[in-house]
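Everything below concerns the one structure shown next.
The values are calculated or read from the model by the stated rules, or taken from the named source; none is laboratory data. All figures in this text were calculated on a predicted structure; none of them were measured in a lab. Quick reminder, even Gly has a Cβ in these numbers, built from the backbone with ideal geometry, and neighbours come from all protein chains shown. In case anyone asks, the SASA skips ligands and DNA or RNA and just uses the protein heavy atoms, side chains included. Shrake-Rupley method; radii C 1.70, N 1.55, O 1.52, S 1.80 Å.
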Amino acid sequence: MGYEPIWLKQAPLPAGAEHPASIAEAVELELSVLRSLSEAFVWSYLVTEALPEEGYEVLVGEGKADILGGSYAGVLYGIFDAERQLLLTDTVVSVSERPASPLRMLNHWDNADGSIERGYSGLSFFFRDGVLSVNDRTFAYARLCASVGINASVINNVNVFKDATWLITDRYLPVLRKLAECFGAYGIKLYLCVNFAASIEVGGLASADPLEPEVAEFWKKTVAHIYEVIPDFGGFLVKADSEGRPGPYTYGRTQADGANMLAKALAPFGGKLIWRCFVYNCSQDWRDVTTDRACAAYDTFRPLDGAFDENVILQVKNGPVDFQVGEPVSPLFCGMKNTNLMLEVQAAQEYTGQQKHVCYLIPMWKDVLRFHTCAYEKADRVSDIVCGAHRPGGNCGIAAVINTGDDDNWTGADLAAANWYGFGRLCWKPQLSAEEIASEWAGLTFGTDSAVRKILVKVLLASYGIYEKYTAPLGIGWMCNPNNHYGPNVDGYEYDRWGTYHRSSCKAIGVDRTGTGTGYSHQYPEALAAKFDNPETTPMAHMLFFHRLPYTYVLPNGKTVIQHIYDTHFEGVEELMDLIESVVTVQGLIPEKEYTRIMERFAMQLASAKEWRDRINTYYCRMSGIGDAKHRKIYAVSEEDLTYPEA
Ligand code: GCV
């Protein structure tokens, strides 16, 4: 399979260019690209300690432009900035930049056999049948990542099985070294996910108890050997005690015991240990209405605040449950003031349309980043916390479960590449607006024709809101098909073990997560708890996440819950149809291949959106017995079953 240079297609490498063997070579190579884009300037660069390590300045003078970087990586980022400017505006102006987030990381959920967990863009381009390769595509990937400032990549799935458990051994280390060199040439550090039980599966020990000296010794030796082979190795990412994966709980130890043991092995080499907070009971009894999965991560980790070593970073999903379309921000961002934190978002569209639906996620991620945690007097946004405002030292950042695969266009859907591009840009500069990012991406990918750009930006910006409208209502989440998580199934998870319930009855819908309900809202500081305890001050997007409400309850927008459900579901499909019509106007203005691919995806999206609309509306019409005030088509069994609100 081939691959397209997507947003770098207007800045190709010189024909026959060799892969850079070092970051200095990558700088030279990229400088030649810059020179080919503009002869109006004499281009030069300088690495200077006067700038922060990854920072850069582009200094434009009469007929010349100097790119200064705090390191070669800084220079490289500066060159990509200049390329971007030239491609989008035909000129270059002086800029001074430094990244907001220290770690700007991609998490690949690629398995060693080549499959990708929650992958919607083909197979892995790293692994196939247990073999890891470094090739042209790997270099193209590294270049794309560097062009948006990504500086870390975890290449394997957090669920570490079978062959992947052996990545930390000589079976894979020589090729991992080549990969780390390829990444290093683009300023990217290689990280691996490890199996917490590797001391048993690889080391032949009887235990993985983190307090057992021979287990700690196994990891010390293993890590020392990794650094012997790969001196600039980044560290580990660990999913433990979650969804069947092994962890310290097996031995009656805490999450901190597990994380610190691994962190101590990495510390002498400057390695980081990233530990996921996605720990919950996935064998819940649906009859148990007192246990609330949303509370799990905070209940587990809050008591451990301050107990983690300095090179441990806790990686927290943006919401308390699992990447639903409208979750509130995880309260862990409010409650872990003595612990290094990283935000985890999901660019792979597991619950947001699986890259068949257009869903530009930057607006959602921006909402998370600008959320006031109320945990500090100043600099209390999530972005402040994950960018190190309160814990300088660089052990923090933002990670995205990424949406790439070996499809020619990398992300299955052409428009989904905007999420990969945008993730990098947002980590670098969270103040960029969703519109600025979309416009950059559209201009780089499809050229600066203003009609095309305007339409693509409009499509991207509208897409998240539209998706939210026709799927599960008011932030309740989860009404998707079990396992594959695509398409509507209102009760798909209702009588299952995953802790994800809507508990709809003929009178009411939602889970009461207030102080008098499951108590989840009180995991937030007082001001936020009070806001979320009151439906009048709860954001509409999270209304049914926090409250159990009668269908006749009047929402802050003046509509009853049931009418809001009907209206949003009809509107979502109508708005999608309008969007598709507007994209038809770019036919002939963008390459036919891309246009066809985009339209094929829209056809799938529209069919699925109608299915969502009709299933949700019908389910709640039958359940509530209340008809649509506007008498639109809903598949209630019999009109006689229904009552209608007064017009
Ligand atoms: C990698 C959800 C997904 C799983 C994923 C898990 C996680 O449950 O459905 O596929 O596993 O999250 O984030 O670890």
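Would you check which residues across segment 10-42 are under 17 Å from residue 85 (Cβ atoms) and open to solvent by 40 Å² or more (accessible area, probe 1.4 Å) and list them?
10, 35, 36, 37, 39, 40, 42
Looking at segment 481-528 only, could you name the residues that are in contact with an Asp or Glu (Cβ under 7 Å, 6 or more places away or on another chain) and outside any loop (DSSP other than H, G, I, E, B)?
Scanning segment 481-528 gives 488, 520, 521.
Can you confirm whether residue 317 is farther than 30 Å from residue 463 by Cβ, under 22 Å from the mean Cα position of the chain (by Cα) and open to solvent by 10 Å² or more (accessible area, probe 1.4 Å)?
Taking the combined requirement at face value, the residue does not satisfy it.
Would you please name the residue that is nearest to residue 104 (Cα to Cα), looking only at residues in segment 151-165 that are within 15 Å of the ligand (Cβ to nearest atom) and touching a Leu at 6+ places or on another chain (Cβ under 9 Å)?
154
Where residues in segment 336-364 are outside any loop (DSSP other than H, G, I, E, B) and open to solvent by less than 10 Å² (accessible area, probe 1.4 Å), which of them is farthest from the ligand (Cβ to nearest atom)?
Across segment 336-364, the extreme among qualifying residues is 362.
Among the residues that make up segment 207-221, is at least one of them at pLDDT 95 or above, in contact with a helix residue (DSSP H, G or I) (Cβ under 6 Å, 6 or more places away or on another chain), within 16 Å of the ligand (Cβ to nearest atom) and aliphatic (A, V, I, L, M)?
no
One residue is enough: does segment 394-407 have a residue meeting the conditions at pLDDT below 95 and either touching a His at 6+ places or on another chain (Cβ under 6 Å) or not small (Gly, Ala, Ser) (or both)?
No: segment 394-407 contains no residue that is at pLDDT below 95 and either touching a His at 6+ places or on another chain (Cβ under 6 Å) or not small (Gly, Ala, Ser) (or both).
Restricting attention to segment 205-239, which residues are charged (D, E, K, R) and open to solvent by less than 20 Å² (accessible area, probe 1.4 Å)?
Matches in segment 205-239: 209, 239.
Kindly provide the set of residues from segment 488-521 that are within 19 Å of residue 552 (Cβ to Cβ) and surrounded by fewer than 17 Cβ atoms within 10 Å (Cβ to Cβ), ordered by number.
503, 505, 506, 507
With the requirement that a residue be buried (at least 23 other Cβ atoms within 10 Å of the Cβ) and in a helix (DSSP H, G or I), what does segment 384-403 give you?
385, 386
Is at least one residue of segment 265-288 open to solvent by less than 40 Å² (accessible area, probe 1.4 Å), assigned to a helix (DSSP H, G or I) and in the same structural domain as residue 331 (by TED's automatic domain parsing)?
Yes, segment 265-288 contains a residue that is open to solvent by less than 40 Å² (accessible area, probe 1.4 Å), assigned to a helix (DSSP H, G or I) and in the same structural domain as residue 331 (by TED's automatic domain parsing).
Which members of segment 57-111 meet the condition of being among the acidic types (Asp, Glu) and touching a strand residue (DSSP E or B) at 6+ places or on another chain (Cβ under 9 Å)?
57, 66, 81, 97, 110 - these are the residues of segment 57-111 that are among the acidic types (Asp, Glu) and touching a strand residue (DSSP E or B) at 6+ places or on another chain (Cβ under 9 Å).
With respect to residue 427, determine if the residue is buried (at least 20 other Cβ atoms within 10 Å of the Cβ), assigned to a loop (DSSP other than H, G, I, E, B) and hydrophobic (A, V, I, L, M, F, W, C).
Spelling it out, it is not the case that residue 427 is buried (at least 20 other Cβ atoms within 10 Å of the Cβ), assigned to a loop (DSSP other than H, G, I, E, B) and hydrophobic (A, V, I, L, M, F, W, C).
Quick one: residue 144 ticks every box in (1) within 16 Å of the ligand (Cβ to nearest atom); (2) in contact with a helix residue (DSSP H, G or I) (Cβ under 7 Å, 6 or more places away or on another chain) bar one, so which box is it?
(1)
Quick one: count up the residues across segment 327-379 that are touching a strand residue (DSSP E or B) at 6+ places or on another chain (Cβ under 7 Å) and among the acidic types (Asp, Glu).
Within segment 327-379, residues that are touching a strand residue (DSSP E or B) at 6+ places or on another chain (Cβ under 7 Å) and among the acidic types (Asp, Glu) number 1.
Do you know which residues across segment 97-120 are within 16 Å of the ligand (Cβ to nearest atom) and crowded, with 24+ Cβ neighbours inside 10 Å?
105, 106, 107, 108, 110, 112, 116, 119 - these are the residues of segment 97-120 that are within 16 Å of the ligand (Cβ to nearest atom) and crowded, with 24+ Cβ neighbours inside 10 Å.
Got at least one residue in segment 135-158 being at pLDDT 95 or above, of a type in the set (Val, Ile, Thr) and surrounded by fewer than 18 Cβ atoms within 10 Å (Cβ to Cβ)?
Checking segment 135-158: not a single residue is at pLDDT 95 or above, of a type in the set (Val, Ile, Thr) and surrounded by fewer than 18 Cβ atoms within 10 Å (Cβ to Cβ).
Can you tell me which residue among 481, 534 is within 26 Å of the chain's Cα centre (by Cα) and either of a type in the set (Gly, Ala, Ser) or outside the structural domain of residue 358 (by TED's automatic domain parsing) (or both)?
Selected residue: 481, the only one of 481, 534 that is within 26 Å of the chain's Cα centre (by Cα) and either of a type in the set (Gly, Ala, Ser) or outside the structural domain of residue 358 (by TED's automatic domain parsing) (or both).
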